[in-house]
Every structure is written in C-alpha cells, then in structure tokens.
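The values are calculated or read from the model by the stated rules, or taken from the named source; none is laboratory data. A quick note: this is a predicted structure, and the numbers were derived from the prediction, not measured. Cβ: placed from backbone, ideal geometry, glycine included. Neighbour counts: every protein chain shown. Surface areas here come from the heavy atoms of the whole protein model, side chains and all, with no ligands, DNA or RNA. Shrake-Rupley method; radii C 1.70, N 1.55, O 1.52, S 1.80 Å.
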Amino acid sequence: MTPIADESQTATIHPPLQQFLEACHARFATDNAGKVADYIPELGKANPDLFGISLATIDGHLYEVGDTEVPFTIQSMSKPFAFALALDSLGAAAIEAVIGVEPSGDAFNSIRLNADNKPFNAMVNAGAITCSGLIVGAKGEWAFDFIRQGLSRFAGRELGVDEAVYASERATGDRNRAIGYLLRNSAVLRGDVGGVLDVYFRQCSILVTARDVAVMAATLANRGINPLTGEQVVAPYAVARTLSVMTTAGMYDFAGEWIYRVGIPAKSGVGGGILAALPSQFGFGSFSPRLDQHGNSVRGIQVCEVLSAHFDLHMLNRNGNSRTSVIADYDIGRGASRRSRRADEHTILRQHHGDVRVIELVGSLSFATIDYITRQVAGKALPQILIVDFRRVADVSSAAARLLADGLRELERFNITTVLSGLARSSLTWEAISQWTDGMTRVRNFVVLDEAIEWAEDQIVYRYGGRVDHGGEMPLAEQALLAGLSPDDLAAITGLGTVKKFTPGEVMIRAGEPGSSLFLIQNGQVSVRLPSGVRLAALTGGMVVGEMALLGDKRAADAIADTDVACLEIPVDRFRQFADQHPQVGKQMMQNLAGLLAGRLMRANVKVDLLSSD
Ligand code: GLN
C-alpha cells in the first residue's frame, strides 16, 4: 500500500460504504412510487420528496446521505423499543402472558387476535398497545416519560414529541380504539383504555431523524449497548427477543418476503422510516414518506434490498473461521516471562519447557472458536499449566463462555492448572467464570500475561526442586555485567559506587531523564516498565539496571522497586575514569554489556516471531 503523503490526499479518501449509500440515494431519489400516509391527517402534510439514509456502525461511526437530520414521527418503529424496555424492566413472564410471538400475516392495524385471544406479536398495533398498557400498569402516570426516556437512551439524545401529530392521531384513531376495547374485552388490557391509547399515540409521535433511527438500530445490533454513548440501554436478553420478533413480524404482512430477500431484522413506521439492525454489524435508518400498500417506505425498502444484495448481508449467510482466534501458541521454551532468572532456574525451565503452554487469543470468541481451542489442547502433549490469554479478546459469547467453563472442568480432572490472563479487557469477567468454576482449585486469574507466565515458571522451578530467587542477597561476582573480572578489579569497581536503598514503589530511574549512573542490584526486585505501563523486565539480585547509561543514552524506561531493594550505584563518569586507567576492565565490561543487550534483543525477536509465524 502506498503511504499517505499529506493531508490533501487523505481528504480525498472516501469510505466505499459512504459512496455506496450516496449512489443508492441518487438512484432512488427519483422514484416517486407510493403514497404518503394520510389516515392520520397531520402525516399527510409531510414533504414526500424528503429522503435521508443513515447507517451507524457498532464502533460508533455514522454514515449519512440526504435528509438525515429532518425530524419525523417514529410511529411503529417505537414498537420494538417499547417491547425491549418492557421485557427488560417488567420481565419476560409478564409480557409473554399477554403478547404472543407469532407472525400474524396481517396488516399492522388488523383487528384480529390469536386463538388465545391475545395479540399475535408486539410489532402489530394490538401487541404494541398491549405493551404500552403493561407499561402504564407498572409506571402509572410516568409511563410515557419512561418510554420517551428509554427511546432517548437508544438514540443517545433527548427525543421530543410532535404534538400536532399526536393530537391528529388522538382525534382520528378510532381503529386503534377499537383494538384497545377488544383487548380489554379479552382481559389482555386492563383499566383505562383511553389512557393507554394516549400513551401509545404519544409514543408513536416521538420525533426522530434518520440518523437517530440508525443509532437506535445500531444499539439493537450491538446487544443493547449504544455505540455512541456506550450505555447498556437494555439487557442483551431483551435485545435478542426483540430482534426475533422483528425478524418474523417487523414488516407485517411483508415480513416473510422481507426476511427471505433482505435477511435483516427490520421495522417500518407510517411516518416513512425504516429501521434495520444487522446483529454485530450496523444499524440502518432511512426516511422517505411515500409508502407501499403494506405501509412500508418504498425507497427505504429499495435501499435495504440493494444494500443487502450488493454486500451479501443476509444474516443467515454468515461464515466464520474458528482458527483465526489463536494468535500464538507456544511453550515457555520460546516464550519465557520477562523475569530475569539465574542459571540454576534457567536449567530447570529449559528441561521442562513443555510443562507450561501458552495460548494467546484474539478477536471475538464464539462457540466454534472455543471448541477448536479445546481440541488443540487435547491433541498435543498435556502441559502441567495451561495459560490462556484474553487481552486481545473483545467479546466472548455466552455459548463460548459456557464451553470454556466445561473445558476448565475437564482440565482440572487431569490435574492441569489453567491460568486465564487479561480477562479485564474482554467482555468475559472473572466473576462470570467463577460461577461455573466453583469448587475447582486449579483455575487462576492473572491481570497480565507476563506475570502469569512468571508465576507458572516459578511453579515449575519449585516442582523440580529448584529455588526461586525473589530478591535474596547476591555476591557481586555473579553480576553478569562484571563477569570475567578479577577479585581485585571487582573490589575496585565496588569502591567506585555507594550502596543505595529503595522502598517498595520507589522510582529508581525515570524514562527520558539523562542517565548518570547504573545500579547493580544486590537484593530485592525491580520492575522495568515503559511509561505505558508495559513491563519489560523483572530484575533481582545479580542483575543490572540503568546500564544503557554506559552508552551515554537517556533512560529508556522507568525502573521501580517492587520490594525493598539494595543496590550499588556507580556514577558513569567515575566508571569512565576507571576504565581509562584500566582499559582491560573497561573492554571486558563493554563486552559483557553487548552480550546482555544481544540476549535481550534475541528474546524480543523470539516473542515477535511467536505472533507472526503461522
Ligand atoms: N401510530 C400508527 C398507528 O397506530 C403507527 C402505525 C405504523 O407506523 N405502522 O396507526
């Protein structure tokens, strides 16, 4: 790819989806088929030529073409949201007791109930009026505000009401009144029918733009989280049920045809809006007031059809590759922790490197990806400790989480310890896992992968009779930087420095400052961290920190005492003087330094390679 040279060039880059929507707009703007709804007199005043298309991605980007900021009444597109809010706040049982979930095959305003004398579903008027009635029953005089505020949270802004349209429908809505009394007759609706209808008419008169509709749809596509505000508006459970009913009944007597051809859950309104939500992808909103015989916007339907066909977006035509979720799979032979270790620890870890296996995951985890991983684990020699890293995982489906928990149980049966790291960055919480791993003793949770690997290495060292140095005293002669020096030279070097102590949390070295001395750690533990917080190394007695100062460089990272630390601080200028007088010692130490740096680079390369190899 050619790099982008300057600003003027970036300005010309036009996302293809924007271009596509613009082309759709141009193509259908000239189609004047259909008729503006006028059974509500005020709606008949709408400008039939208005046409806006908006699409909101689940990462919060808005595409907009045409009249996307012109307000119009939401009408039946309020139904899925009122239904979702009712499910979420009143519970499924209360809703399911009075509203069905079967498509009716009838028009939206059909005066017909199912065999149980209940509305067919919440997308036709009878079901929606019942739903408003349930909300009135629960919230009393606050019912309308509850609905308006709920819809506002879906839209990510405060929504108002078109009082004229409300008054107009209230004055003429006898058909809906007939439905209301029929519902009360079958005991589905209780109390004051007029009051419930007022709430329903008001809810239909809430003002939205095509942009709002796209964001509201995107919130449904995003499992209830508004992609602009980040708010979880309703629980995923309520969203899935709402999308189900939109799928089977959102387009009334056109629903079957719609899902067959377009394959995206949708809802229309007689104000001219169409709302479509493709789960995990985007929300779509359009506004064009001319309607077909079903009461659906003609141009809006056309745009959805072309959009779905061109990109093959049908929700039942999906593919997935479960293997791409494993970004790295290695043992500690290739991917050791950043903890610097002494020779005897190294020996044990080299011999038993296969005992700790690390699997790093990426992306969204589905049922299929976790299943693939469980077979990857079962198919190779079993480790003593399995570390599964989630820091690059955004999303874990509940099916995946359940299968993972079953996998952990199986590993426990084989006495394998499983460590989960980086969960905090994914949608899966340790609390959610814990409800399934109750009573299991071999499942652990680490925030940072490197610390999980370090812990696992420690376990291996212990199991094979080794001793882990967590900061014990270390004779100067074992300093890698001083290797090969005679006892006299060591004594002379010691004489150059002064002993310095640090308390836990104390900053020994700060990135960016000039390096004027180096520290030979005698005991304690020191973490070297980038300002971003990433840990580069954990050092203990016998190791050196700040050695880059010998090369005259600025401090490249922070060094922080993790425990009480004692070290020998040697000022660089004193070391230089000494090296001038004892060129052999100077040369030896520079060689040692080169060896340390080369080793570090090699380990870093291996780490990079872990991620890039197939
Ligand atoms: N308020 C309208 C009605 O009840 C909503 C109908 C619709 O948008 N399909 O008639």
With +1 on the Cβ of every Lys and Arg and -1 on the Cβ of every Asp and Glu, the dipole magnitude of region 516-573 about its Cα centre, in debye rounded to the nearest 20, is 200 debye
Simple spin-label estimate for Arg425/Ala178, 7 Å along Cα→Cβ, in nm, reads 6.1 nm
So for R0 = 35 Å, FRET eff. of Gln18-Asp395 from the Cβ-Cβ r, to 0.05, ends up at 0.85
Ordered by number, the trypsin sites (Lys or Arg not before Pro) in region 287-388 that occupy a DSSP loop and have at most 16 other Cβ atoms within 10 Å are Arg318, Arg334, Lys380
Honestly region 24-103 on the Cα gyration tensor test (a ≥ b ≥ c root eigenvalues; a/c under 1.5 rounded, otherwise a/b vs b/c for prolate or oblate) is just oblate
Simple spin-label estimate for Thr229/Ala33, 7 Å along Cα→Cβ, in nm, reads 3.8 nm
The long-range amide H neighbours of Leu536, using H built 1.01 Å from N in the peptide plane and a cut-off of under 5 Å, are Val528, Arg529, Leu530
Amide H proximity to Asp389 below 5 Å, modelled H, separation 5+ or other chain, gives Ile359, Glu360, Leu361, Ser421
Contact order relative to length for the chain, counting C-alpha pairs under 8 Å separated by 6 or more residues, stands in percent at 11 percent
Correct response: the longest run of the chain lacking exposed chymotrypsin sites (Phe, Trp or Tyr not before Pro), defined by DSSP loop and at most 16 other Cβ within 10 Å, is 40-413
Rounded to the nearest 10, the angle in degrees between the Cα long axis of helix 16-28 and the longest principal axis of the Cα atoms of the chain comes to 10 degrees
Label model pair Asp371, Asp59: point-to-point distance (7 angstrom along the Cα→beta-carbon line) in nm is 2.9 nm
With x for Gly and Pro, the residue-by-residue ³J(HN,Hα) of region 574-581, computed from phi through the Karplus equation 6.51 cos²θ - 1.76 cosθ + 1.60 at θ = phi - 60° and given in whole Hz, is 5, 5, 5, 4, 4, 5, 4, 7
One would report the antiparallel percent of DSSP beta bridges in the chain, rounded to the nearest 5, as 75 percent
Once phi for every residue in region 343-356 is put through the Karplus expression 6.51 cos²θ - 1.76 cosθ + 1.60 (θ = phi - 60°), the whole-Hz ³J(HN,Hα) values, with Gly and Pro written as x, are 4, 5, 5, 4, 4, 4, 5, 5, 5, 10, 4, x, 7, 10
Given Cβ charges of +1 for Lys and Arg and -1 for Asp and Glu, the option among Val606, Ala579, Leu568 whose Cα lies farthest towards the positive end of the dipole of region 559-614 is Ala579
Using alpha-carbon positions, the gyration tensor of region 562-614 gives root eigenvalues a ≥ b ≥ c; with a/c under 1.5 called rounded, otherwise prolate if a/b exceeds b/c, else oblate, the class is oblate
Rounded to whole Å², per residue accessible area for the chain with a 1.4 Å probe reads 45 Å²
In the neighbourhood of Ala164 defined by beta carbon distances under 15 Å, the net charge of the other residues (Lys, Arg +1; Asp, Glu -1) is -2
If each part is reduced to its alpha-carbon centroid, region 197-260 and region 346-370 end up apart, in Å, by 41 Å
If amide H atoms are modeled at 1.01 Å from N in the peptide plane, then the residues at a separation of 5 or more from Met543, or on another chain, having amide H under 5 Å from its own are Ile521
Taking R0 as 60 Å and r as the Cβ-Cβ distance between Phe414 and Glu141, the FRET efficiency 1/(1 + (r/R0)^6), rounded to the nearest 0.05, comes to 0.45
From the cross-link list Lys45/Lys118; Lys35/Lys79; Lys500/Lys607, the entries with a Cα-Cα span beyond 26 Å are Lys45/Lys118; Lys500/Lys607
Per DSSP, the loop-located GluC sites (Glu not before Pro) within region 47-127 having at most 13 other beta carbons within 10 Å are Glu69
Note, region 294-299: 3J(HN,Hα) by Karplus (6.51, -1.76, 1.60, θ = phi - 60°), whole Hz, Gly/Pro = x, goes 8, x, 10, 4, 4, 5
Residue span Arg112 to Arg600: 0.36 nm per residue of separation minus Cα-Cα distance leaves a gain in nm of 168.1 nm
Extension length gain for Thr494 and Arg463 (0.36 nm per residue less Cα distance), in nm, is 7.5 nm
Distance in Å, no decimals, from the C-alpha centre of region 400-439 to the one of region 12-41 is 49 Å
On the accessible surface of the chain, probed at 1.4 Å with all protein chains in place, carbon and sulfur together account for a percent value of 53 percent
